[in-house]
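K.L.:
Let me begin by handing over the structure; questions about it come next.
Nothing in this text is a laboratory measurement; each read-out follows from the coordinates by a stated rule. All values derive from a computational prediction rather than experimental measurement. Ideal geometry is used to build each Cβ from the backbone, glycine not excepted, and the neighbour counts take in all protein chains shown.
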Amino acid sequence: MTTDHGGEQAPSGDDREHVERPWGSFTVLDDDPSDHKVKRIVVKPHKRLSYQRHAKRAEHWLVVRGQARVTLEGDIHDVGAGQAIDVPLGVAHRVENVGDDDVVFIEVQLGGYFGEDDIVRLADDFGRAGGDTAQPG
């Protein structure tokens with residue numbers, strides 16, 4: 001545990017949930033089941049997450065490193081460091097790293113439910129599409 005400036009205990013990086021995936025990894029930075037969840041997501045070069053949608057949450061992505069290629073309902077958006085993009089509730093989306101260095105972005109999930117079973121995969125490079133929700137990410 002580390003101590004913040006107010007003297008209260010704050011979790012150290014070692015206490016945070018960190019998950020490795022074939023496309024990269026994510027670390028949960030904050031999780032309040034009543035209204036939000038925040039993740040730091042790293043996408044390896046030339047990898048992409050599944051093309052998916054959520055019924056119970058919207059997302060806001062802020063790219064902090066690299067150049068992300070974001071697909072929203074089939075429309076392509078290139079989003080660089082310091083830029084953000086919103087993923088509205090129910091919109092099909094994907095992030096892809098077309099570069100040679102990691103893409104890092106902060107994902108803020110907003111809604112009332114953040115379970116991995118709120119992922120409907122429409123397409124996936126790792127064989128998890130067709131509505132399969134068994135493996136998150």
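K.L.:
Write down the Kirkwood hydrodynamic radius of segment 45-88, to one decimal in angstroms, obtained as one divided by the mean of 1/r over all alpha carbon pairs.
P.N.:
Kirkwood radius, segment 45-88: 11.4 Å.
K.L.:
Quick check for me: using +1 on Lys/Arg Cβ and -1 on Asp/Glu Cβ, what's the dipole size of segment 15-123 about its Cα centre, in debye to the nearest 20?
P.N.:
That gives a dipole near 280 debye.
K.L.:
Using the Kirkwood formula over every pair of different C-alpha atoms, what hydrodynamic radius in Å results for segment 13-66?
P.N.:
When all Cα pairs of segment 13-66 are included, the Kirkwood radius is 12.8 Å.
K.L.:
Let me test this: with uniform point scatterers at the alpha carbons of segment 15-123, what is the Debye-based log₁₀ I(q)/I(0) at q = 0.16, 0.20 1/Å?
P.N.:
Computed log10 I(q)/I(0) values: -0.67, -1.09.
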